[in-house]
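The values are calculated or read from the model by the stated rules, or taken from the named source; none is laboratory data. Given the structure is predicted, the values throughout are model-derived calculations rather than measurements. Cβ atoms come from the backbone with ideal geometry, glycine included; neighbour counts cover every protein chain shown.
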Amino acid sequence: DSQGLNLGCCETLSDEHAGVHCSRLPSSKLTSDPTDTPAVCLESDIGSTMIQKHDSITVAVCKMAS
C-alpha cells in the first residue's frame, strides 16, 4: 500500500518482507517521461526481486534461487 505494507504474499514470503517499497521510490527519477514506468531488479545470491509501480500500487515479485 502507500505506506509500504505487504498486502499479500505466497510461498516463503511473509509480512516481514514489507517495506521494500521504500527502495523503489527513487526509480521514478530514472526517466522524465511520465508514461514510462521503470522497473527495479534487486539481485543477490539467494534470489531476485523485481519492483514496479502501477498507478497507486507497487508490485514486488520475488524469485528465490533453488
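Things worth noting here:
- Extreme residue, surrounded by the most Cβ atoms within 10 Å (Cβ to Cβ), among residues of region 12-57 that are of a type in the set (S, T, N, Q) and at pLDDT 80 or above: THR49
- Conditions (1) surrounded by 10 or more Cβ atoms within 10 Å (Cβ to Cβ); (2) at pLDDT 65 or above; (3) within 13 Å of the chain's Cα centre (by Cα): number failed by LEU5: (2)
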